[in-house]
Amino acid sequence: MQEFRRFVRGPVGKVLLAAIILPFIISGFYGYFTGGGSDSAVAEVEGNKISRGYVSSRTQQLRQMLRQQSPDINESMLDSFIRPEMVLQGIVNEQLMIAAARNADMAFSDAQAAVLIRNNDMFYENGRFSETQFERMVRAQGMTPQGYLESLRQERISQQYRNAFAATDFALEGELAEQRRLGEQRRDIRYVRLSVDSLRGDTQVSDQEVSDFYDQNTSEFMRPEQLRVRYIELTPERYRDRVEISDEQIRAEYEARKQMRDSAATRREVAHVLISVNDERDENAAVERAREARQALEQGSSFAEVAREYSDDAATARSGGNLGRVGQGSLPDSLDEALADMDVGDVSEPVISDAGVHLLKVIEEERAEMPPLEDMRDEIVTDLQSAQSDSLLAEDLVTLEELVYEHSDLQVPAEQLGLELQTTDWVSMQELPTALNNARVREALNSESVREQGRNSDLLEVAPGRFLALRLEEVKDAEPLPLAEVSEDIRAQLRLRKARARAEALAEEARAAVEQGADLAAVAEQLDAEVQEEADLQRGASEPAMEVVDAVFATPRPAEGESSPIRFTSLRNGDLVAFQLTAVEDGSVDALEPEQQRQALQELARVEGERGFRQVMAFLRDSLDVELHPDRLSQPREQPQPQPQPAAPPL
């Protein structure tokens, strides 16, 4: 079983899944906002244009999301991994699925989307759904509430379409047995390895060769453009010492938190009797029947007995009307308000809701204890200091933004707000100091206003609560590095080239010898290497080298007791390997334990489902109207702005 898991979850499988799943994660998160003129449209799917600005905006948002998840991530790696071209492919895939889902009459209603939104803890405040919090969080993503709702619908529609293929495949026991036979197969080899490093040690490079190479390839040895950047920085930390928190403020905050916690953390076990309002009974009649039920309680009947006789809620009537444990906000407002004034054992007067008329009973109550003030003092002080610091920061931000815009340098803004004006040493764009190592800073330094017109940048938020403004102080153009600084690098490069050329020549001689009938021992002698053996090689193994393992498993199975013909493969570092396949042992085809068999069949079905869905996406690419213009992604930069969402096609 473990061998099978290693096979289906090995390096090749992970690469394939990442290549397919990642674009859908991106497109599912971002939706498919489009817009912009035809000159900035980088793709068009079934008539829907995708603008360059939108792709840039979504790329920056995805990078920012990853920065927040991994604050120490290397910026250059982030920029190379999350590329606009990749994000564009995800958006195109999303629109292809949306179009296909529309053609298949798939739907996800606004009501379903609304339920998902109301169940999202991100939009809750004090234990209850908050429309204000919802709008705040949505606006922070550059979207309108209606746009977010539409994006959510489209995401679920896409999932429906994808699951229709990826989640509906199945696997047969015979297929699993064959997969295990091949996936758990082991192979033995004998091989000879010619190392480029061993040849490089005997290779000589003259000073003249180094000089000639430098003259012919000067452009490869350039010192990148150097910058000196002047900047000012504004963070909440500069206000910490200015904020004083009094004992009265601490006590008031503690009491506010205690009240909020008591309200949010109290959970009651509640039972109810529901009298429905319907065609046969209006609201007044329902209230009268509820009073009859309450009178039965007063005459000695238990709440469970009354619920079984009077309640129209069939789901709870059989269990004495028990609704389970509920917190504030779990029930409609009218029921919450009634419960707020009730103690354990109390029965309410008739309470009206959209569902009908209720009698409520509090069966049990559970309250979370609030820690004493002294235990929370430090936390409260820190939070109050942070809140007041943020408030002072917000005031200065308005002033700083105006000063940076109005003045032609940063000296005056720094003096008026008492900020330190800092200047970097000479640095390249790729090696900015930590304070400036940020994609928004690089974008500002490359902007026309800062680079060409010599203006201050806009006020940039480079991290949550951290702002800076900058200007270019000086610029040195790229220039060739002196030969003395790069001579050793050139010598090493030429030595490697000569060693690889020698290895290629020896490889040709070895191949020729094999064609003339030479065995592996003769090849080893010719290459001045040793014959080595490797037993029980598995698919995806990294030793003796991935290229060798791939070539071994691509070699036809020799007859029992015989070896395959000698084959050659080159490694990425230039090494040459000659090998023979000497034995093959198939993986087990015996049935697994029932639970393992079930899990293995599910895993194989999932893999096959993903493969089938890739074929579906390839078909959609070929059959639907798709135009791609990735070259336009690198046209003159524009400030990425969230695009308004168009009216979506009916789904």
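Given the stretch 287-354, what helices (runs of 4 or more DSSP H) lie entirely inside it while holding 1 or more residues that are more than 42 Å from the chain's Cα centre (by Cα), more than 18 Å from residue 267 (Cβ to Cβ) and not basic (Lys, Arg)? Lay out the reasoning, then the answer.
Values: elements: 303-310, 314-317, 333-340.
Counting at least 1 such residues, we get 303-310, 314-317.
Considering only the stretch 101-110, I want to know if a residue exists there that is assigned by TED's automatic domain parsing to the domain that holds residue 49, over 23 Å from residue 50 (Cβ atoms), without any contact (Cβ under 8 Å) to a residue 60 or more places away in the chain and in a helix (DSSP H, G or I). Outline the logic, then answer.
Within the stretch 101-110, the first condition is being assigned by TED's automatic domain parsing to the domain that holds residue 49, and the residues that meet it are 101-110.
Then drop every residue that is not over 23 Å from residue 50 (Cβ atoms), which leaves 105, 107, 109-110.
From the residues that got through so far, the ones that are without any contact (Cβ under 8 Å) to a residue 60 or more places away in the chain too are 105, 109-110.
Imposing the further condition that a residue be in a helix (DSSP H, G or I) reduces the set to 110.
Scanning the stretch 101-110 turns up at least one residue that is assigned by TED's automatic domain parsing to the domain that holds residue 49, over 23 Å from residue 50 (Cβ atoms), without any contact (Cβ under 8 Å) to a residue 60 or more places away in the chain and in a helix (DSSP H, G or I).
Suppose the filter is touching a Leu at 6+ places or on another chain (Cβ under 6 Å) and either part of a helix (DSSP H, G or I) or surrounded by fewer than 18 Cβ atoms within 10 Å (Cβ to Cβ) (or both); does residue 189 pass it?
On the way: touching a Leu at 6+ places or on another chain (Cβ under 6 Å): yes; either part of a helix (DSSP H, G or I) or surrounded by fewer than 18 Cβ atoms within 10 Å (Cβ to Cβ) (or both): no.
So residue 189 does not fit the description; no.
Go through 495, 442, 491 for me and flag whichever is assigned to a helix (DSSP H, G or I), closer than 17 Å to residue 224 by Cα and either of a type outside the set (Ser, Thr, Tyr) or not assigned by TED's automatic domain parsing to the domain that holds residue 572 (or both).
Values: 495 fails: closer than 17 Å to residue 224 by Cα; 491 fails: closer than 17 Å to residue 224 by Cα.
After applying the criteria, what remains is 442.
Please indicate, with yes or no, whether at least one residue in the stretch 82-96 is more than 19 Å from residue 48 (Cα to Cα), free of Cβ contacts under 8 Å to residues at least 40 places away in the same chain and in the same structural domain as residue 628 (by TED's automatic domain parsing). Don't jump to the end; show me each part of the working.
In the first step, residues of the stretch 82-96 are kept if they are more than 19 Å from residue 48 (Cα to Cα); the result is 82-83.
This time we only want the ones that are free of Cβ contacts under 8 Å to residues at least 40 places away in the same chain, so: 82-83.
Keeping just the survivors that are in the same structural domain as residue 628 (by TED's automatic domain parsing) gives 82-83.
Yes, the stretch 82-96 has at least one match.
In the stretch 400-439, what residues are part of a helix (DSSP H, G or I) and within 30 Å of residue 222 (Cβ to Cβ)? Even if it seems obvious, please write down each step before you answer.
Residues of the stretch 400-439 part of a helix (DSSP H, G or I): 400-406, 411-417, 429-431, 434-436, 439.
429, 430, 431, 434, 435, 436, 439, listed by residue number.
Taking the condition touching a residue at least 24 places away in the same chain (Cβ under 8 Å) and in a helix (DSSP H, G or I), does residue 390 pass? Steps first, please.
Details: touching a residue at least 24 places away in the same chain (Cβ under 8 Å): yes; in a helix (DSSP H, G or I): yes.
Spelling it out, residue 390 is indeed touching a residue at least 24 places away in the same chain (Cβ under 8 Å) and in a helix (DSSP H, G or I).
Given (1) touching a strand residue (DSSP E or B) at 6+ places or on another chain (Cβ under 7 Å); (2) farther than 30 Å from residue 228 by Cα; (3) acidic (Asp, Glu), identify the lone condition not met by residue 479.
Among (1) touching a strand residue (DSSP E or B) at 6+ places or on another chain (Cβ under 7 Å); (2) farther than 30 Å from residue 228 by Cα; (3) acidic (Asp, Glu), residue 479 violates only (2).
Which residues, counting only those in the stretch 166-184, are surrounded by fewer than 20 Cβ atoms within 10 Å (Cβ to Cβ) and either over 30 Å from residue 588 (Cα atoms) or among the acidic types (Asp, Glu) (or both)?
Going through the stretch 166-184, the residues surrounded by fewer than 20 Cβ atoms within 10 Å (Cβ to Cβ) turn out to be 167-175, 177-178, 181-182.
Those that are surrounded by fewer than 20 Cβ atoms within 10 Å (Cβ to Cβ) and either over 30 Å from residue 588 (Cα atoms) or among the acidic types (Asp, Glu) (or both): 169, 173, 175, 178.
Yes or no: residue 212 of a type in the set (D, E, K, R) and loosely packed, with under 13 Cβ neighbours inside 10 Å?
Details: of a type in the set (D, E, K, R): yes; loosely packed, with under 13 Cβ neighbours inside 10 Å: no.
So residue 212 fails the test.
Residue 473: charged (D, E, K, R), assigned to a strand (DSSP E or B) and in contact (Cβ under 8 Å) with a residue 24 or more places away in the chain, yes or no? Spell out the reasoning first.
Working: charged (D, E, K, R): yes; assigned to a strand (DSSP E or B): yes; in contact (Cβ under 8 Å) with a residue 24 or more places away in the chain: yes.
In short, yes.
Residue 612: surrounded by 13 or more Cβ atoms within 10 Å (Cβ to Cβ), in a loop (DSSP other than H, G, I, E, B) and either modelled with pLDDT of 85 or more or among the aromatic types (Phe, Trp, Tyr) (or both), yes or no? Give the derivation first.
Values: surrounded by 13 or more Cβ atoms within 10 Å (Cβ to Cβ): yes; in a loop (DSSP other than H, G, I, E, B): no; either modelled with pLDDT of 85 or more or among the aromatic types (Phe, Trp, Tyr) (or both): yes.
So residue 612 fails the test.
Pairs needed: first member in the stretch 538-556, farther than 11 Å from residue 571 by Cβ and in contact (Cβ under 8 Å) with a residue 12 or more places away in the chain; second member anywhere, among the hydroxyl-bearing types (Ser, Thr, Tyr) and part of a loop (DSSP other than H, G, I, E, B); C-beta distance under 6 Å; at least 6 residues apart or different chains.
555/564
Which of the residues spanning the stretch 553-576 are among the small types (Gly, Ala, Ser) and more than 40 Å from the chain's Cα centre (by Cα)? Full working, then the answer.
Filtering the stretch 553-576 down to residues among the small types (Gly, Ala, Ser) leaves 554, 559, 561, 563-564, 570, 574.
Correct list: 559, 561, 563, 564.
Taking residue 563 as the residue in question, decide whether it is in a loop (DSSP other than H, G, I, E, B), surrounded by 12 or more Cβ atoms within 10 Å (Cβ to Cβ) and either outside the structural domain of residue 195 (by TED's automatic domain parsing) or not aromatic (Phe, Trp, Tyr) (or both).
On the way: in a loop (DSSP other than H, G, I, E, B): yes; surrounded by 12 or more Cβ atoms within 10 Å (Cβ to Cβ): yes; either outside the structural domain of residue 195 (by TED's automatic domain parsing) or not aromatic (Phe, Trp, Tyr) (or both): yes.
Taking the combined requirement at face value, the residue satisfies it.
The values are calculated or read from the model by the stated rules, or taken from the named source; none is laboratory data. Just so you know, these numbers come straight off a predicted model, no measurement behind them. Glycine gets a Cβ as well: all are built from the backbone with ideal geometry, and neighbour counts include every protein chain shown.
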